[in-house]
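The structure under discussion appears below in the form of C-alpha cells.
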Amino acid sequence: MPTATEFAQTRPADQLDALISVLGAGRGGDPGIAEQLAAAAARRRRPLHIQITGRALSGRTTVMSALALLSAQETAPVDQPELPDPVLDGDLVIYVLAGAPQAADYRLLATVPPGRGVVVLNKADAVGARWGEAVAAAQRHAQELGLPIVPIVASVAARTRAGAVSAEDLSDLRRLAVGPDVPSVLAADLFIGAGSDQEARRRLIANWDLYGVDCALSALRADPDLPASAIMQILHSASGIDPLHKLVHRRYEQVEAVRGGELLDELMRLAARAVPGDGGRARELIEHYLTGDEALWAGLCAGLACPQVSHLAAGYPSPAPGDADEALARATRWRAVVSSDMPPAARRAALRVHNGYVRAWERMSSAGL
C-alpha cells in the first residue's frame, strides 16, 4: 500500500468475500461461521435507511427534493392527533423544523441515537428580517437540542435543482430590478400589487418563491447584466443547501464507518467462538483478516466516527494522513488518548484509530513517503 490515497481507498469487501469463501469451503474452515459471517457482511452492505421527519407543514417533502435523496423515506408527521408518532429507527434521521422546536420535537429527537441525527431549520427566510437572525436561531436551538442545526430555504433549493431561470423570468426580473418603482418583497400580495404585470409577478413567485425573487432582484440591482446561470448560483447559495449537503454527507460517512466497526466486532465474536485444533483454521483465518490493512483501515474509520472521541479528530482534513510523519504524529496522539481515563467503548475506538495510524506509518515509511 504505497500511498496515503491508496491506504484510504482499500476495500474490505474483496478480502472479506475471500475469507467467507475459504471458511465455507470445508478445507479447515467452518461452514457455520461462514454462514454467520456472510449474514453479517450482508447487513453491513445494505443501503443506509434514511428517514425524513418532522411536524406537518414543516416542509419534509421539499427538503427531501432539495437534497435529492431518492432512497429516503418520509415518515408520517410528528405529533398528529389520534396518530402514533413515527418510530425513528433509521441509520440517518433528518428532522425538519419550521420554527422553534416544540415539546413533541424534543421528545422525538431524544429517541435518535447519537451521531445519526441532522436537524434542518426550514423556511429560514421567515425567521427574522435577515439571514443572520436565522443562523442565530439555529445556533440557539442547536444548544438546546444538543444537535447540529442548519438553516435553509428548501423551496428555493428545490427549484434551483429542478429547473433554470427562463428567458421570460430573467427578462421580468431585470425589468423589475431596474425599474423606477421598486416592488416590495415583504409579502406576496405587496409584490404582486395591482399593476398590469400581475401575471408575470405571480409567475415569478410560483417559480422562485418570494425569497428567491428577492435574492434575484438584489443581485440584479448590483449587476444588471448577470446571466441566468449566475443567478441560479446565487439562488442556490442563498438557499443554504450546501452546508446541509455537507453535514448530511459527513453524517452518512460516519454511520457507514460505525457499521464497519460493528462488522469487525462480529468478526471478533466469531473468532472467539471458533474451536481451534482438529484441522480447523477458522479462528486463525479471521484473526489474520483482522490484522490486515483493510480491517485496520475500517477500524480506524469506525474509531474516528465514535461519538465519544470524534471531536478529537475535528481538525483532520481527511482520515488518511498525508505522509509518514503525519501518520506517526497521529498514532502518537491517539496512543495518549488510549492511555487516558475514558469509558471502555471510547478506549476501544481510540485504540482502533491508533492501530490504524501505526499501520499507515509502517506502509508509508516503507514506501518512502
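The values are calculated or read from the model by the stated rules, or taken from the named source; none is laboratory data. None of these values were measured; they are calculated from a predicted model. When we count neighbours, we look across all protein chains shown, and the Cβ atoms used for this are built from the backbone with ideal geometry, even at glycine. Surface areas here come from the heavy atoms of the whole protein model, side chains and all, with no ligands, DNA or RNA. Shrake-Rupley method; radii C 1.70, N 1.55, O 1.52, S 1.80 Å.
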Scanning the range 57-75 residue by residue, those over 15 Å from Val153 (Cα atoms), assigned to a loop (DSSP other than H, G, I, E, B) and either modelled with pLDDT of 95 or more or open to solvent by 60 Å² or more (accessible area, probe 1.4 Å) (or both) turn out to be Leu70, Ser71, Thr75
Show the residue pairs meeting these rules: Cβ distance below 8 Å; 6+ apart or different chains; first residue within the range 60-83 and free of Cβ contacts under 8 Å to residues at least 60 places away in the same chain; second residue part of a loop (DSSP other than H, G, I, E, B) and among the β-branched types (Val, Ile, Thr). Arg60/Thr75
Checking Ile52 against (1) open to solvent by less than 20 Å² (accessible area, probe 1.4 Å); (2) in a loop (DSSP other than H, G, I, E, B); (3) touching a strand residue (DSSP E or B) at 6+ places or on another chain (Cβ under 7 Å), only one condition comes out false. Which one? (2)
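Based on this model, can you work out whether Leu351 counts as farther than 22 Å from Gln15 by Cβ, among the hydrophobic types (A, V, I, L, M, F, W, C), modelled with pLDDT of 90 or more and open to solvent by 30 Å² or more (accessible area, probe 1.4 Å)? Talk me through it step by step, then tell me what you get.
On the way: farther than 22 Å from Gln15 by Cβ: no; among the hydrophobic types (A, V, I, L, M, F, W, C): yes; modelled with pLDDT of 90 or more: yes; open to solvent by 30 Å² or more (accessible area, probe 1.4 Å): yes.
Criteria not met by Leu351.
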Yes or no: the range 79-89 includes at least one residue that is open to solvent by less than 60 Å² (accessible area, probe 1.4 Å) and either modelled with pLDDT of 95 or more or in contact with a Ser or Thr (Cβ under 6 Å, 6 or more places away or on another chain) (or both). yes
Residue ID - nearest to Asp265 (Cα to Cα), chosen from residues in the range 313-325 that are touching a Phe, Trp or Tyr at 6+ places or on another chain (Cβ under 9 Å) and open to solvent by 50 Å² or more (accessible area, probe 1.4 Å): Pro319
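Would you mind listing the helices (runs of 4 or more DSSP H) fully within the range 131-238 where at least 1 residues are under 27 Å from the mean Cα position of the chain (by Cα) and either at pLDDT 95 or above or under 30 Å from Leu109 (Cα atoms) (or both)? Give the derivation first.
Working: elements: 131-145, 154-162, 167-178, 188-192, 198-222, 228-238.
Helices (runs of 4 or more DSSP H) meeting the threshold: 131-145, 154-162, 198-222, 228-238.
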Can you go through Asp214, Asp223, Asp169 and tell me which one is touching a helix residue (DSSP H, G or I) at 6+ places or on another chain (Cβ under 9 Å), open to solvent by less than 20 Å² (accessible area, probe 1.4 Å) and not hydrophobic (A, V, I, L, M, F, W, C)? Asp169
